[in-house]
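Visitor: Have a look at this one.
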Amino acid sequence: MLTSNSAWSARLSVQNTARRTAALINALSAPEAQAGARTAEAPAATEATEAAEATSSPYATSTTAGATADALAVADVLPAYGEPDPLAISAEDIAEMREAADALREVFAAGSAGAAAAVLNALLQRTTGTLRLTSHSDGSPWHPHLDSHDDAPWGEWLLASSCLALTVLVWDRQCPPGGVCASPSCRAVFVTLNSGPARRYCSRRCATRERVAAHRRARG
């Protein structure tokens, strides 16, 4: 294998997959969500994230010549979460991923475990395949997949892998897997993995900006 089992375990973990889901939803969302998402929590593999931010992504050249802002945003996210290169992502792939992201956003917008479960149950029934284990021809440790095959289209992969991770989080924690930033100028989604008071913002930057705005309004 190309990396240690511990590195693979971190990359394939439910938590990392859920964070990758949130990052891709934000990358495929409106510009204000993309801007807010850049200040949200980084993935667990910080070294990979810093490397991805410091260098240009190989994905940027594998998209079509008329690459959209969405394609470039996705190109930044995938390497940070351990996806190997080279992998071609077409304009059609981006369109399918955007459709999947729109559907998955509803899970993060759910206000309760029951509401999140209802959205996930509908997505699982309508769009995913049969649960199976794969090692990608001995290229990785065995791990579960819900897409139709190892080379499924990017949109199918995003929806299936995200549904699996988010379902496990709802099951394990008995609460929604995350939320949508309460800042009207952001609306990025985020993953909540810790107990404590309900989280309202995707980042400290958004929370601080809204506190300052509220203070200014109160002063008149």
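Derivation of every value follows stated rules applied to the coordinates shown; laboratory data play no part. As the structure is a computational prediction, the values presented were derived from the model and not from experiment. Cβ sites come from the backbone with ideal geometry, for glycine too, and all protein chains shown count toward neighbours.
Visitor: Based on this model, can you work out whether Cys181 counts as in contact with an Asp or Glu (Cβ under 8 Å, 6 or more places away or on another chain) and closer than 17 Å to Asp102 by Cα?
Guide: Values: in contact with an Asp or Glu (Cβ under 8 Å, 6 or more places away or on another chain): no; closer than 17 Å to Asp102 by Cα: yes.
No, not satisfied.
Visitor: What are the residue pairs meeting all of these: first residue in region 174-202, first residue closer than 17 Å to Gly111 by Cβ and free of Cβ contacts under 8 Å to residues at least 60 places away in the same chain, second residue surrounded by fewer than 17 Cβ atoms within 10 Å (Cβ to Cβ) and of a type in the set (D, E, K, R), Cβ atoms under 6 Å, and 6 or more apart or on different chains?
Guide: Correct list of pairs: Ala182/Arg200; Thr192/Arg199.
Visitor: Here's another thing I want to ask about it. In this structure, is Leu87 in contact with a Lys or Arg (Cβ under 9 Å, 6 or more places away or on another chain) and without any contact (Cβ under 8 Å) to a residue 60 or more places away in the chain?
Guide: On the way: in contact with a Lys or Arg (Cβ under 9 Å, 6 or more places away or on another chain): no; without any contact (Cβ under 8 Å) to a residue 60 or more places away in the chain: yes.
So Leu87 does not fit the description; no.
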